[in-house]
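Down below is the structure, laid out as structure tokens.
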Amino acid sequence: MPETLKRLDLRLPSEHPVFRYPPRIRPKVAREWLDLGMRLAAIEERLAKLEERGSIPPTSGAGNGEGKKIDPIEFRETLAGVFDF
């Protein structure tokens with residue numbers, strides 16, 4: 001049985017990095033970024049649980065909300081180099 005797909009209406013600022021891609025490729029790129037974001041969130045949750053159990057030492061800034069911020073443009077460029085976007 002074919003997988004049922006649902007549409008997601010998403011509004012982004014015109015300067016968002018996804019708009020650097022041709023219109024036909026944007027949905028695929030956005031889907032890949034959403035999937036990567038979900039995977040990263042799951043990894044962060046697993047790390048937090050390990051930190052709580054004392055299995056690994058907490059990273060600097062963890063727990064106080066002042067963790068390292070991710071530069072979205074640099075992140076995209078890194079992914080583009082790894083996955084050949």
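Rule-based calculations on the coordinates, nothing more; no lab input. Worth saying up front: this structure is predicted, and the values here are computed from it rather than measured. Note that we place each Cβ from the backbone using ideal geometry, even for glycine, and neighbour counts take in every protein chain shown.
Below is a table of values for the structure above.
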item: Using a Förster distance of 22 Å, the FRET efficiency for D9-E32 (Cβ separation, nearest 0.05); result: 0.75
item: Net length gained if the chain between I70 and E51 were fully extended (0.36 nm per residue, minus Cα distance); result: 4.8 nm
